[in-house]
Amino acid sequence: MIRRVVRFLDERSGGAPFIRKSLRYVFPDHWSFLLGEVALYSFVVLVLSGIYLTLFFEPSLVQVHYHGPYVPLQGREMSEAYKSAVDISYQVKAGLLIRQTHHWAADVFVAAIVLHLLRIFFTGAFRKPRDLTYYVGVTMLGLALLEGYLGYSMVDDLLSGMGLAIGYGVVMSIPFVGANLAQLIWGDPYPGRHEFESRMYAFHVLLLPLLIATLIALHLVLVAARHHTQFRRSRETERRVVGIPTFPGYVPRTFGVMFAVFAVLFLLGGLVQINPIWEWGPYHLSQATNGAQPDWYLGWLIGALRLMPNFDVTIGNYTLVPNAFWGGAAFPMVVFLVLYLWPSLERRLTSDYAFHNLLNRPRDTPWRTAIGVAFFTWVFMVFVAGASDRLFVLFAVSYSGQIWAYRVLVWVLPAVALVLTKRICDELVRSEDVERERRAAEAEAQALA
Amino acid sequence: MKRWLVAAIVLLLGRGRGRARLRGRERIVPPGFPDRRAENVVLVLFVCAAACAVGFVVVYALEDVPSQTQYLGLSLGLAFAFIAAACMVFAKRLVVTEEADEEYGPTHPEEQENVEQLVRESGDRVTRRRLLVLAGGAAGTALGIALVTPAASLGPLLDVSSFYRTPWRRGVRLVDELGRPLTADDVEEDTFYTAYPERADREQMGAPLVVVRLKPVELHLPDDRRGWAPDGIVAYSKICTHAGCAIALYRKPTFPPVEPRPALICPCHYSTFDPAAGGKVIFGPAGRNLPQLPLLVDGSGNLRAGGNFSGPVGPSWWGVRKHGARP
């Protein structure tokens, strides 16, 4: 049977050598290498659950009145988009499960990408020959953020509308072209023309997923072409990769990870409520709610928008750069610019143009680790500042007091993190040296005795 | 009959069925010992997964199950969890954990040179290379621009006049959410009201207002806005000038001495505006004051617009005037 299948394939594709090689492709083993796989399998769940949702969702801003089973919304005026999303939650059997799983999968997808990025950064896996793979990965992170934003914006609940209003404000604030760009995208001052909804839909269910899927394929092909990185343990060298072959060792392992991801996402989707849109209500321009938070992966942007002190760049009475530009556009651009530039920057600073297949332990590259920790502390503090309204609402901590504290902390803490991380790394390395010397001395003493 | 049944079971479950062995060849996968216990565990896990999957279908098929979503998620999630566990046990105990190694792929300097040579030699016959590249580049660029031009159909790219559009004119009546005219007597202190222009689309930037009543002595509006606040009632655009959210918080009564002034606040980024001072920004990221709408009280006590806003409504953009420039 096996022989027949293999013969069938080989006779028609000449692929037997390729299959044989793929089956013995070596995967180095470390827990942190799974993060990328978690992202990949979350994407699978996103696509499958998303396809199901498209069969019921109505991307239309035509206003209708609700007469479904959810009593508090009875008779309320709402868009067909919002109504269909509420109907998916209340009237389609298993609809709520799939909707919530889809939402959770998006949150886990971005989280896994970010953790994967941190792993890649702190172990130096982005170095030649894998910088191209890294750029593709960073691009996917950006696309994933946009994809997630469009996803929850399409639903047209109150939170969607507030998020879109902010997106509109940020687009408007872009110097030179903002107003024209906003007119192009929305067709009219916000909330814009009805076509905007179907445009978001086209991007969310077709263009962006296609782009992300293509980049995933490219990412994987590049990984396979140059092979995985590995930590130095025993037999690992820059020239030979050591690990478990695809078959029989790795396949059941990765299936295990895949099904575990599916399990977690469906358990979350079934048991842990997320984005209960019927509680937010339909969006109307004149409404907003206090303590509103976007999905976690946009928290850094809301934080940046909030932290920015109130000044616009003006000439005379004319605004040149409206404030929303700094937090909503300039800040993420700086973050992504740093991410994109880092591999070449490090190459230049360290004059290290060599191939690297062995990973660094973070402590072994103290400057990279320290700068990385400082940078991510910076972004993380801005992210935390985005939650200041929750602290205000929940614990009545003065909002403006918090903002002033964050305006200082956002700069002080990264500096502290930089110094601290550098010292910790140095100390760790030194303690290892001491340990090694002690061992050697003890061995010597024993030999003498 | 019984013999057939036994034969069928033996055939299905029978161990040691004739396995096609590749005799006389060296093993690729190293040998390992069988592990009956692990096999049993995997078996049980698969059965549990199947049971959960069936449970999912049953829960789905039932009508009026309380917490149906939760049971659906639980059964499907557990089915996946059992399969995941089975895979892991299988990976750890039933396949050989080998440590294989292979070379990292080489680079090919020879081939690189060949490619370079190939490309160079192909262009041998061209004499005016630079000119051709220039002309080709021009053609490509022009075509590229031509191909993206239809994107301009998406919206009125060059016309930004609609940012100044508002439905407010002198004499337009203010109505509440249900469309009833808002009278001056309706407006009490210490709370805010959302108002709309009568008989106009409410879902446009320039429409919604936030209306509050302050003590006339507390007001310190700019000099050119005298008479805009009859009986201390002031109206502002409800759309924040920072990022376009609705101003939905009113800080009144205040908490002296920490927050001494009443304020209109946008819940998105907490841009804070002083309603007594003509919508001046007092905290938060907004860079432009909240546009104020002059108010009148007509003979029957209804609130009416005394004109248009003091400035453009909605988020700021490149070129908008910071002060004034009434729409």
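Of the cross-linked pairs A:128/A:422; B:215/B:252; B:215/B:322, those separated by over 18 Å at the C-alpha level are A:128/A:422; B:215/B:322.
For chain A, taking Cα atoms only, Rg and Dmax work out to 25.8, 92 Å respectively. Each chain gives up part of its surface: A and B jointly bury about 7600 Å² of accessible area, both sides summed, for a 1.4 Å probe. Counting Cβ atoms of other protein chains within 10 Å of each residue's Cβ and taking the mean over peptide B:88-96 gives 5. Determine the shape class of the stretch A:1-49: with a ≥ b ≥ c the square roots of the Cα gyration tensor eigenvalues, call it rounded for a/c under 1.5, and otherwise prolate if a/b is greater than b/c, oblate otherwise. It comes out oblate by the Cα gyration axes. Ligands, DNA and RNA left out, the 1.4 Å accessible surface of chain B is 60% carbon and sulfur atoms. The angle between the Cα long axis of helix A:2-13 and the main principal axis of chain A comes to about 70°, on a 0 to 90 degree scale. For the stretch A:314-336, accessible area lost to neighbouring protein chains reaches 50 Å² or more, against the chain alone with a 1.4 Å probe, at A:317, A:318, A:319. Mean separation of Cα pairs under 8 Å and 6 or more residues apart, divided by the residue count, gives chain A a relative contact order of 21 percent. Sparsely packed loop sites in the stretch A:189-239 (the chymotrypsin sites (Phe, Trp or Tyr not before Pro) outside DSSP H, G, I, E and B with at most 16 other Cβ atoms within 10 Å) comprise A:231.
For the stretch B:2-154, a/c is not less than 1.5, where a ≥ b ≥ c are the root eigenvalues of the C-alpha gyration tensor, and a/b does not top b/c. That puts it in the oblate class.
At 1.4 Å probe size, with the rest of the protein present, what percent of the exposed accessible area of chain A is carbon and sulfur atoms? That share works out to 70 percent. The residues A:8, A:126, sorted by heavy-atom accessible surface at 1.4 Å with ligands and nucleic acids left out, run A:8, A:126 from largest to smallest. D for the protein assembly as shown, whole µm²/s, Stokes-Einstein with Kirkwood Rh over alpha-carbon pairs at 37 °C and 0.692 mPa s: what number? Translational diffusion coefficient: 106 µm²/s. Residues in the stretch A:409-419 carry Karplus couplings, in order, of 4, 4, 9, 6, 4, x, 5, 4, 4, 4, 4 Hz; the curve used is 6.51 cos²θ - 1.76 cosθ + 1.60 with θ = phi - 60°, and Gly or Pro positions show x. Derived scalar couplings between HN and Hα for the stretch A:203-216 equal 5, 6, 9, 10, 5, 5, x, 4, 5, 5, 4, 4, 5, 4 Hz in order, rounded to whole Hz, by the Karplus curve 6.51 cos²θ - 1.76 cosθ + 1.60 (θ = phi - 60°), x for Gly and Pro. Remark: the stretch B:162-322 carries 37 Å² of accessible area per residue (probe radius 1.4 Å; ligands, DNA and RNA excluded). Residue-wise HN-Hα couplings along the stretch B:136-149, as the Karplus relation 6.51 cos²θ - 1.76 cosθ + 1.60 with θ = phi - 60° gives them from phi, are x, x, 4, 4, x, 4, 4, 5, x, 4, 4, 6, 8, 3 Hz; Gly and Pro carry x. Of all DSSP bridge pairs formed entirely within the protein assembly as shown, close to 95 percent run antiparallel. For residue A:64, the residues whose amide H sits under 5 Å from its own are A:78, A:79, A:80, ignoring neighbours fewer than 5 places away on the same chain, with H placed 1.01 Å from N.
As a length-normalised measure over Cα pairs under 8 Å and 6 or more apart, the relative contact order of the stretch A:311-449 settles at 24 percent.
About its Cα centre, how strong a charge dipole does the stretch B:2-154 have in debye, to the nearest 20, once Lys and Arg get +1 and Asp and Glu get -1 at the Cβ?
Rounded to the nearest 20 debye, it is 980 debye.
Note: relative contact order over chain B, using C-alpha pairs below 8 Å and six or more positions apart, is 12 percent. Helix A:158-172 and the longest principal axis of the Cα set of chain A meet at an angle near 80°. Each peptide among B:32-44, A:420-432 gets the average number of other Cβ atoms lying within 10 Å of its residues, and from highest to lowest they stand as A:420-432, B:32-44. With the highest mean first, a sort of the peptides B:215-226, A:354-365, A:217-228, A:373-384 on other beta-carbon atoms found within 10 angstrom per residue produces A:373-384, A:354-365, A:217-228, B:215-226.
Computed from Cα positions, the angle between helix A:366-385 and the longest principal axis of chain A comes to roughly 20 degrees.
Mean residue ellipticity, 222 nm, helices only, the protein assembly as shown: the sum of -39500 (n - 2.57) across DSSP H runs of n ≥ 4, divided by residue count and rounded to 500, is -16500 deg cm²/dmol.
Amide H contacts of residue B:187 (H built 1.01 Å from N, in plane; Pro and chain starts excluded): no residue 5 or more places away or on another chain comes under 5 Å.
Hey, with R₀ at 51 Å, roughly what FRET efficiency would residue A:30 and residue B:176 work out to, going by the Cβ-Cβ distance, to 0.05? For R0 = 51 Å, the calculated efficiency reads 0.20.
Most simply put, the stretch B:159-274 has about 95% antiparallel DSSP beta bridges, counting only bridges with both residues inside it.
Going by the alpha-carbon gyration tensor, a ≥ b ≥ c the square roots of its eigenvalues, is the stretch B:206-327 rounded (a/c under 1.5) or, if a/c is not under 1.5, prolate (a/b greater than b/c) versus oblate?
Working: a/c = 1.67, a/b = 1.10, b/c = 1.51.
Oblate, since a/c reaches 1.5 and b/c is not below a/b.
Rounded to the nearest 10 square angstrom, residue B:154 shows an accessible area of 70 square angstrom against a 1.4 Å probe. Other protein chain C-beta atoms within 10 Å of residue C-beta, averaged over A:90-100: 4. Can you compute the FRET efficiency between residue A:91 and residue B:139 using 1/(1 + (r/R0)^6), with r the Cβ-Cβ distance and R0 = 45 Å? Round to the nearest 0.05. After rounding, the FRET efficiency stands at 0.20. Estimated at the nearest 10 Å², the accessible area of residue A:214 is 80 Å² with a 1.4 Å probe. Antiparallel beta bridges, as assigned by DSSP with both residues in chain A, represent about 90 percent of the total such bridges. If R0 is 30 Å, the Cβ-Cβ spacing of residue A:408 and residue B:280 corresponds to a FRET efficiency of close to 0.75. Averaged over peptide A:16-29, the number of partner chain Cβ atoms lying within 10 Å of each residue's Cβ comes to 2. Burial of accessible area (probe 1.4 Å, heavy atoms of protein chains only) in the stretch A:172-214, relative to its chain alone, reaches at least 20 Å² for A:172, A:176, A:179, A:180, A:183, A:184, A:188, A:189, A:190, A:191, A:193, A:199. Per residue, chain A exposes 46 Å² of accessible surface when a 1.4 Å probe is rolled over the protein heavy atoms with every protein chain present. I'd like to know which of B:309, B:72, B:91 lies farthest towards the positive end of the charge dipole of the protein assembly as shown, counting +1 on Cβ of Lys and Arg and -1 on Cβ of Asp and Glu. Positive-end residue among those listed: B:91.
The values are calculated or read from the model by the stated rules, or taken from the named source; none is laboratory data. It should be emphasised that the depicted structure is a prediction, and the values quoted were computed from it without experimental measurement. When we count neighbours, we look across all protein chains shown, and the Cβ atoms used for this are built from the backbone with ideal geometry, even at glycine. Side chains included, ligands, DNA and RNA excluded: accessible areas come from the protein's heavy atoms. Shrake-Rupley method; radii C 1.70, N 1.55, O 1.52, S 1.80 Å.
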